[in-house]
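Take a look at the structure below.
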Amino acid sequence: MHLDVVDLNAFYYKSHLGALAQRRLQSALRRRWTNVSGLSFGGYGFAAPFLRPFRSEASRTIAMMPAAQGVISWPREGPNASTLIEPYDWPLQTGFLDRLLVAHGLETAEQPHRLLEECWRVLAPEGRLMIIAPNRSGLWARRDGNPFGFGRPYSFDQLDAQLAEHGFGIESHGGALYFPPSQKRWWLNSGNLFERLGQRFDLQRLAGVLIVEAVKRVAAPRSGLKERATAPLEVLGGIIRPQPRPEPAGRGG
C-alpha cells in the first residue's frame, strides 16, 4: 500500500523535517552520481524531491509515480516531467534509462520482485539503479509522522539478495538521515552535525535509510561452436580403409 502523494508532498515541501531530509538525501546521491551529463534519468515512487540536482545535466528526466499513490506536477517551473503509471508496466522502451532512482517505491510495493524486474527491463546494459529504503534497525522506520515509517523496512542483506536475484550487481552501500525524525527545533538544528558524524564514522546501522547502488549486468553472448566434434572422420564410416600391402617374400640364396 502506497502513501498518498498529498502527504508525501506536504512532508518534503511544507515541513522543516522534510526539507532537511530532502537536502541530506540529495547530497548523498550527488556524492555517488557526480556527473550524469547527457544521460537519461528516471525516478520511480516519490523520487521527485531528489531528482532536481540532476535535471539540468541529464538529457532527459522523468518522475514516474504509481497510480495507487497519485501524481503531482513536477517540476514547479517549466514543462511537466512527471507521469502516472502502473507499478509493473512502465511506458518506457526496454533499455531506455541510464540512471534510475527508486524512492518510496520498493518498501510499499505489493510485489517487489515484479518492480525489480521492471527496473531491470528499462535500464540500459550497465545502467545504474539507486534504491533508497527505510533501514529496519534505524529510528525513522520505527516512528510515525514520516514517510520512511511506512511500508516494509529492509536490511542491506535483504536488498542485496533481491537485487542479485534479478540480475543486478551490487556497487556500493551507504546510509543517510542519521538524525532523529523529530520536528523539534533542537534536533533540526543539530541535523547536519549528526549527518556528518554518521558519514564520517560509517554508522550505517544507525541510519534512517539505506542507499544501495546496483548495476544491470548483461552476460556476453557465447560465440563459436557449442559442441566440439568428438569424431571428425565419422563421415568415412562404412568405407573400407586401405590396408598396407605385405612385403614380398625374400628369395633364397
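The values are calculated or read from the model by the stated rules, or taken from the named source; none is laboratory data. Since the structure is predicted, the reported quantities are computational estimates derived from the model, not experimental observations. Don't worry about glycine lacking a Cβ; one is built from the backbone with ideal geometry, like all the others, and counts go over all protein chains shown.
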The conditions are (1) farther than 15 Å from ILE211 by Cβ; (2) within 14 Å of the chain's Cα centre (by Cα); (3) not in a helix (DSSP H, G or I), and THR94 fails exactly one of them. Which is it? (2)
Go through segment 125-167 and give me each residue that's among the acidic types (Asp, Glu) and over 11 Å from the mean Cα position of the chain (by Cα). GLU126, ASP144, ASP157, GLU165
Condition met for ILE85 (modelled with pLDDT of 95 or more and surrounded by fewer than 21 Cβ atoms within 10 Å (Cβ to Cβ)): yes
Restricting attention to segment 143-158, and to residues there that are among the aromatic types (Phe, Trp, Tyr) and closer than 16 Å to ARG205 by Cα, which single residue is surrounded by the fewest Cβ atoms within 10 Å (Cβ to Cβ)? PHE156
Within segment 46-60, restricting attention to residues that are part of a helix (DSSP H, G or I) and not charged (D, E, K, R), which residue is modelled with the lowest pLDDT? PRO53
When (1) over 18 Å from the mean Cα position of the chain (by Cα); (2) within 17 Å of GLY127 (Cα to Cα); (3) not aromatic (Phe, Trp, Tyr) are applied to ASN80, the one that fails is (2)
When (1) surrounded by 14 or more Cβ atoms within 10 Å (Cβ to Cβ); (2) touching a residue at least 12 places away in the same chain (Cβ under 8 Å) are applied to GLY38, the one that fails is (1)
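Conditions tested, residue by residue: (1) in contact (Cβ under 8 Å) with a residue 40 or more places away in the chain; (2) assigned to a helix (DSSP H, G or I).
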site: ALA19; (1), (2): no, yes
site: ARG23; (1), (2): no, yes
site: ALA28; (1), (2): yes, yes
site: TYR44; (1), (2): yes, no
site: ILE62; (1), (2): no, no
site: MET65; (1), (2): yes, no
site: LEU106; (1), (2): yes, no
Starting from segment 116-127, take each residue that is in contact (Cβ under 8 Å) with a residue 24 or more places away in the chain and list its partners that are polar (S, T, N, Q) and part of a helix (DSSP H, G or I), counting only C-beta distances under 7 angstrom and pairs at least six apart or across chains. LEU116/GLN162
Qualifying positions in segment 1-35 - farther than 25 Å from ALA67 by Cα, hydrophobic (A, V, I, L, M, F, W, C) and touching a strand residue (DSSP E or B) at 6+ places or on another chain (Cβ under 6 Å): ALA28
